[in-house]
Every structure is written in C-alpha cells, then in structure tokens.
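The values are calculated or read from the model by the stated rules, or taken from the named source; none is laboratory data. Since this is a predicted model, take the numbers as computed values, not measurements. Neighbour counts are summed over all protein chains in view; Cβ atoms, including those assigned to glycine, are modelled from backbone coordinates with ideal geometry. The area values use the complete protein model at the heavy-atom level, side chains included, leaving out ligands, DNA and RNA. Shrake-Rupley method; radii C 1.70, N 1.55, O 1.52, S 1.80 Å.
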Amino acid sequence: MTKVVIIGGGWAGCAAAISAKKAGAEVTLIERTDLLIGLGNVGGIMRNNGRYTATEENIALGAPELFDVTDSCARHKNIEFPGHKHATLYDVTQVEPTVRRLLKDKGINILFESRAIDIIKEDKKIKGIVLSDKSVIYGDVFIETTGSTGPMGNCLKYGNGCSMCILRCPSFGPRISISKRAGVEDILGKRGDESYGAFSGSCKLNKDSLSAEIVEKLNKEGVAVLRIPEEDINLGKLDIKVCQQYALKEFAENIVLLDTGHAKLMAPFYPLEKLRKIKGLENARYEDPYAGGKANSVRYLSIAPRNNSMKVRGVDNLLCAGEKSGLFVGHTEAIATGTLAGHNSVRLSLGVPLLELPRNLAIGDIIAFANEQIITEEGLKKRYTFAGSEFFQRMKSTGLYITDKEEIKRKISRVNLLGIYNEKLI
Amino acid sequence: MKYRLECVDAGSEYCPCYLAETNNCITCSHLQGKQFCDCEWRGTCIYQEYVNNGYQKTYQREDIPVQVEKRESIGSNCMMLKIKVSKTLARQLKEPGAYVFLRGTDLPHYFDVPMSIMEADDSNGYIYISYQTLGAKTKKLDEDRSEFLLRGPYWNGLYGLKSLKKVSEDNCLVIARGIAQAPAILVIKKLIKNRNKVIFVVDKGVVGEIFIEDLIDGLDIRIIEEDVQSENGKFLIKNILRNEDIGLVYSGGSDVLHASVINMIDQVGVNPNIVITNNNEICCGEGICGGCTIRLSNGVRAKTCKTQLEARKVIERRVFDD
Ligand SMILES: Cc1cc2nc3c(=O)[nH]c(=O)nc-3n(C[C@H](O)[C@H](O)[C@H](O)COP(=O)(O)OP(=O)(O)OC[C@H]3O[C@@H](n4cnc5c(N)ncnc54)[C@H](O)[C@@H]3O)c2cc1C
Ligand code: FES
C-alpha cells in the first residue's frame, strides 16, 4: 500500500491527509505542536466573497468534510462587514477538537509534538523524514504543508520579534523548509517596500476584557465597528499586512471586531495603550498573539516552486499545499490546495497522470494564476485569495464568482469532475 | 542529510558570545551572515537574545582568583586539588562534562589548562579536580601554589550530553580508564539520580591507582576493576553488553579506548546510546582560537570546545585521519 507522509498539520495538511486517505493511501501526519489546523486556530472567517464559490466547488469535487466542520462550528452565518459579504465565522475553540476526532476516525496516523528537522534523500527522491529525536518516518510520497510562518529569528529580522503566536516556536521548535532541505530554493514573498515577508493581518482580543455592550453586539451580530480617535489613524500600516483583502481605508479609520469565540481584531498589531483609548476597550487584552500590542507573526518566507498539480519542481515524490505552495492567504485556500495535493499524492505513487483542475473553476484558476504571478517581481508583493484584492476582482470579471450551489455543481459535472476526490484509486 | 551543529552554550547565560558578534555563531544561521532561519534548535532563539541585548554579546566568563584548599598526590604523576569557589560556580559545575581553565596567577594566559570537574560541592562551594602532569601547562600547576586563576564554567567535556541527561530507569555501563576516572564521578551520580542501574568498569590505566574510591563509596552501583584493553577486559565488556540490556554506554579514556568500545558494541550487535569524553586539545574554550577544530568525515569542521557532536562521528574521523 502507498504510504503518504504529510509534514505540517495545518488546514492544508489536514485536507491532504483526508483526500490521500480517501484515495486509498496509508497516511501519517507529522505535526510539531500539540494542535492541528495551525493558523486555523486563530482565524475563523469562511465563505466571505469568492471563498463561498471555492468552498462549494471543493464540496462538489467530493471533499466536503472540513467545510462541514467549519459550517457546523459556526458562530455566525451570512454576515457582512466592510468589503465582505456572506461570511461565516467559525468558533476557534470548537473547530480543532472536531477536526482531530474526524482525522482519527478516518484512521489517519497523527504524530503530535514531532518536529521534522531533515530529510533522507536518494537521487531526486525523498526516502524519509528525520524528526528532532532523530527517528525517521519513511514513506513513498511526501506532502509538505509546513506553512510559511516564522520561526523566531525571521519574525525578528523581518518583523518586530516573536509575538508568541499560536504556533509557539519557543516551546515546540522552529518550522523548517523540507523542500529546501531537498535542495530546492525557497521563493520569498515581499512587501511593497521590497522587504521580505509580511505580518499576519489580525489578532484576537479576550472577549471577557471588552465592555458588556460590545460583547452583546458581537454575540448578536458577529461584527462591531468602532471609530479610532483621529490622532491615531495610520493609513501607512495597511501596507505591511498579509491580508490585502482587508487593507481597506475602513480598516484604518475603524477598529473592526469579529466574533470568532474571541474578538478578532482586523489589524496586524495595535499598541495596547492606544487600543484602550477606544470606548468599550478600556480593559482590553490580547488573547493571540500574546504580544499583539507589539507584533505579529511574519509569513511568506518559504514557498516551494510547484506545478499546477501541486508537485514540487525538482523533487520526484514531493507535493506541497497551503501557504507553502504560493502566496495564498486563507483557510479555504489551504483546504482547497491541500485536498488536491492529497489526492495527487496517490496518483503520483501509481504513476498515473496527476489531476489539474480546469481554469473555469475558481480553485483551478487561483492555483494557476498564483503560479503565473509568482515569477514576476510585482507578483511577489501580492497575495492570492478568493476573498478579496486582485484575485476576487478577477473572479468577478471572468464570471468565476458564483453563489448558486446548484450552478456550481452543474459546472463541475460538465467538466466531469463531480465527486472526483471520492474515488478510491488503490 | 545535512549536519547542523549544536553549541553547548546556546541558551546559557554566556550566549550570545563573541562568535555572534563576528557572524561565526555555531548554531544560528542569521548570526552566520545568512538571510533566514535555519538552525539546530536548542530551545532558544540566539538571534533574538542578540538583538535584545543591543546587537552585542552578553557578559563573558572572566578569570577569577581561587584558593587551593588541599593538594594531594594520587598515584604516579597525578594530583588532586580541592578548590574554594562560589556556591553558584560549584552548582554550575556540578554537571557531567563540566570543566574550567586553571593557571598560575603570575603566568600569561597561554598557560590556561582545561580541567574536568571530578566533584562539586555546591552547599559549601568547593570543586575537586584531578590531573596528570604531562606537559608545560600541567607542570606549571604542580609548583606549590595556593592560588590560581580560574575561568569557567565550561560544559563540553563530554559528547552525547543529550542522551546522558535523558536516560532514566535503564541499565548503563560506565567505563573509565586512568585519569578519566575523574569525570566519571559526575556521570555516575547523574545516572543514579535518574534511577538508572550502573555497572562501573574501572581501570587504573597509567595512573596506576583507583583514586576515586572515596567518592564512589556507598553508591548503589556494581563496580568491577579490570584492564579494559586486555583480552579479559574486552571479554567482560562484551559479556555485559550482550547480557545486561544496556541502554547507555559511557567511555572515559583515550580515543583508542572509545574506538575499541564502539567496536565491541558493533561486534555484539547492540545499539545503546554512546557518551564519550572529549579528548581534543582545548585552548581558549570559546570557539575563537580554532585550536580544537576537527574535520568530520563529511567535511564539516567543528570547534570541539563548544560543539556537541555524535560520538561515532568524532571517532570515525579519528580512525580516518590517524
Ligand atoms: C492571526 C491570523 C488570522 C487569520 N484569519 C484568517 C481567517 O479568518 N480566515 C482565513 O481564511 N484565513 C485566515 N488566516 C490565514 C490562514 O490561517 C492561513 O493562510 C492558513 O490557515 C494556512 O494554512 P497552512 O496549512 O498552509 O499553514 P499553517 O496553518 O501555518 O500550518 C502549518 C503547520 O505545519 C506545522 N509545521 C511547521 N514546521 C513543521 C515541522 N518542521 N515539523 C512538523 N510540523 C511543522 C506547524 O506547526 C503548523 O501546524 C489567518 C492567519 C493568521 C495568522
Ligand atoms: S579551544 Fe579555541 S576554538 Fe576551541
């Protein structure tokens, strides 16, 4: 039986594990922390703008499992906030344990607190992954989904230092780039000012530290927009953000809070003193990252070159997904690319042609579009998401943005891909 | 697989050091002049410490004057010293692999000689050291001095510290020969503390005496005295390896002894963790002078005064080179 080894248990890794398992592989998932879904533990926004389309496409392609979880753990459905429509907010305290049970029930072998530090390679093939205790996990095909965040030295050199984010490098050790260990150079995202990487775009406030009025509004409506005092408005800050879909003027003039169990603050970081000047936030404190008053994690420093089937160029048996596979932002983007990589890992082991999604699907187009853009200097400064900025514009103008579930299904059945991820290949 | 080096000082109060300032850090890729993180993680971010400290090294070890409380001749050409130090220093030195530099107060710094700690008494502030008089540096220690300059603590006297600290409730074989009886004491005590069963094979070696009897008296270990390089000794060690389900082997002695112990392990076909004494000529102890550099068989150069290496890798290159 084909043994697929996945490195990194974020959304991309979890999605890859499920689709590789469904295609018939024996699957081992290696995660350096004690939690699955990685940055998904601090996100929560789903189905906003073009993500709705991508979600329904992935479901119609035969991989509904993780979206069923995020839908069922939703605190709010179909809400609006500046620039964003029909969003679902999942409860970050509910999702991880649900995903964990799902993966275990599917018979996926998960290794927690197991950090990959190196590879064993023969010619252009990876044989095994070396863990920090020097044990080796051997496999036939490997999928790298280690994300692109940190570690500490990078967050310091290209940001404001370790902010103690959910990935907890000081406790569990740093991320590494498996593809680089395999001899493939990383591609690095840039900012407008040419510096490397980008700050994560939001933090979380502890809900109990907010005024009763704000808490009530959040619980009821999911959104609270609070005016920032004139002297503290800083438009320049929008440039450093990862999430260009939220780099709007509204987000500079207002504090936008979203209810994801905690109060998600749509700013990379915000000095506590200034924050507490805002009505209702007099006692506010950060829940994630702990030093959200000073810094946030730095991302996009480790992208592997790949083809549109998610196979890493230059290594025979390595695929990638999520932030590792491009300048992608988002849970939906990680799940969609992860699902494809997992499915293709089994095809690769069988020597049959890999699946490439057609460009008349939003998922197929983003995978190909991000690949075209990443080879340009300007493209390295952009981020790709169904939820906003350039790619959402593109979805709208090319007619890819569809919110009718039945129509999406019909479209996928026309290209003969309905339920493709459900096919057991071995 | 690429070999990333682990500095024994990483994360200690002496890190970052001069090597960070000169972009020669053993562990951190940023402090080697590279652009991105790529380190053998030691539980701490050296770059963060460096930046937080204003792009400077931290406080570094200095020479301090210390008094000799007792000097005792032990066997041929060997001496034991009891030295008064602060309780803090004694505590820092109460670790397997700990060593200090000693020299006469009137001598230039190149007389500094590295000395393994045999025993440290942290409630009263004493350390015990044994040495064999060999060359210029040790001969200069012999004169009837009551005061020395001491620099420390240093920790890289053993390779395999990680497995030594980790092993618990297991069977361990400790082999020590000659003057290397001294550093074996802290090893044995560490192993006992972690509820291991210890078999101690001790060999007088050229010292001609078992000088640590007092220090191991009353410890719950099995002691066997034997010439470990003799046919009898080898037979004994192989028997232990074969029958006692040994999880860790410690070899204290020359590289020839290390090579022979590793050889026996391979002949018996067992796979215990291996810890050995670091026998390289250590000069500055700070990774600066380069006197201790060795070349591993994969071409990697390592400064052994600070770098933790795998026992097999160290010995392998010895066999290659010598
Ligand atoms: C604060 C914040 C808020 C966000 N909010 C949203 C949101 O509301 N909606 C949205 O769609 N997106 C959001 N995002 C973006 C989104 O979370 C990410 O783009 C997406 O989750 C990335 O998934 P991934 O699987 O590619 O990577 P990651 O989530 O980074 O997962 C990588 C995993 O690999 C593990 N790993 C790394 N190195 C190793 C190693 N050497 N050995 C073993 N394991 C390793 C890590 O521990 C981690 O679990 C947010 C991001 C942040 C930081
Ligand atoms: S002893 Fe000077 S560099 Fe190691």
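Here the condition is being open to solvent by 10 Å² or more (accessible area, probe 1.4 Å) and within 28 Å of B:Cys292 (Cβ to Cβ); of B:Ser163, B:Ser168, it holds for B:Ser163 alone. State whether the residues of the stretch A:282-297 include one that is free of Cβ contacts under 8 Å to residues at least 12 places away in the same chain and either over 30 Å from A:Glu122 (Cβ atoms) or surrounded by fewer than 24 Cβ atoms within 10 Å (Cβ to Cβ) (or both). Scanning the stretch A:282-297 turns up no residue that is free of Cβ contacts under 8 Å to residues at least 12 places away in the same chain and either over 30 Å from A:Glu122 (Cβ atoms) or surrounded by fewer than 24 Cβ atoms within 10 Å (Cβ to Cβ) (or both). B:Lys162 meets all of the listed conditions (1) closer than 28 Å to B:Ala302 by Cβ; (2) modelled with pLDDT of 95 or more; (3) not aliphatic (A, V, I, L, M) but one, namely (2). Comparison of B:Tyr18, B:Tyr55, B:Tyr59, B:Tyr50 shows that the only residue that is within 14 Å of chain A (Cβ to nearest Cβ), aromatic (Phe, Trp, Tyr) and open to solvent by 50 Å² or more (accessible area, probe 1.4 Å) is B:Tyr55. Of the candidates B:Gly233, B:Gly285, B:Gly247, the single residue that is in contact with an Asp or Glu (Cβ under 9 Å, 6 or more places away or on another chain), within 16 Å of ligand 2 (Cβ to nearest atom) and modelled with pLDDT of 95 or more is B:Gly285. The residue that is nearest to the other protein chains (Cβ to nearest Cβ), counting only those in the stretch A:277-306 that are of a type in the set (Asp, Glu) and closer than 11 Å to A:Asn206 by Cα, is A:Asp288. Being open to solvent by less than 10 Å² (accessible area, probe 1.4 Å) and in a loop (DSSP other than H, G, I, E, B) is the filter; apply it to the stretch A:298-308 and report the residue that is farthest from B:Gln35 (Cα to Cα). Per the stated criteria, the residue is A:Ala304. Within the option set B:Phe211, B:Phe148, being outside the structural domain of B:Lys87 (by the TED database), surrounded by 17 or more Cβ atoms within 10 Å (Cβ to Cβ) and touching a residue at least 12 places away in the same chain (Cβ under 8 Å) holds for one residue only, B:Phe211. Applying a threshold of 6 Å to beta carbon distances and a minimum spacing of six or more residues, or different chains, the list of pairs starting in the stretch B:194-208 at a residue that is among the acidic types (Asp, Glu) and ending at one that is assigned to a strand (DSSP E or B) reads B:Asp203/B:Arg177. Residue pairs whose Cβ atoms lie under 8 Å apart, sitting 6 or more positions apart in sequence or on different chains, and linking a residue in the stretch B:262-273 that is without any contact (Cβ under 8 Å) to a residue 40 or more places away in the chain to a partner that is exposed (fewer than 13 other Cβ atoms within 10 Å of the Cβ), are B:Ile265/B:Asn271. Being within 26 Å of B:Glu213 (Cα to Cα), out of contact with any helix residue (DSSP H, G or I) (no Cβ under 7 Å at 6 or more places or on another chain) and buried (at least 16 other Cβ atoms within 10 Å of the Cβ) is the filter here; which residues of the stretch B:112-128 pass it? Listed by number, the residues that qualify are B:Pro114, B:Met115, B:Tyr128.
Screening the stretch B:289-309 for residues that are farther than 16 Å from B:Val113 by Cα, more than 13 Å from the chain's Cα centre (by Cα) and of a type outside the set (Lys, Arg) and picking the one that is surrounded by the most Cβ atoms within 10 Å (Cβ to Cβ) gives B:Ala302. Here A:Asn416, A:Asn360 are screened, and the one residue that is modelled with pLDDT of 95 or more and farther than 23 Å from A:His86 by Cβ is A:Asn416. When A:Ser179 is tested against (1) in a helix (DSSP H, G or I); (2) facing another protein chain (nearest Cβ under 8 Å), exactly one condition is not met: (2).
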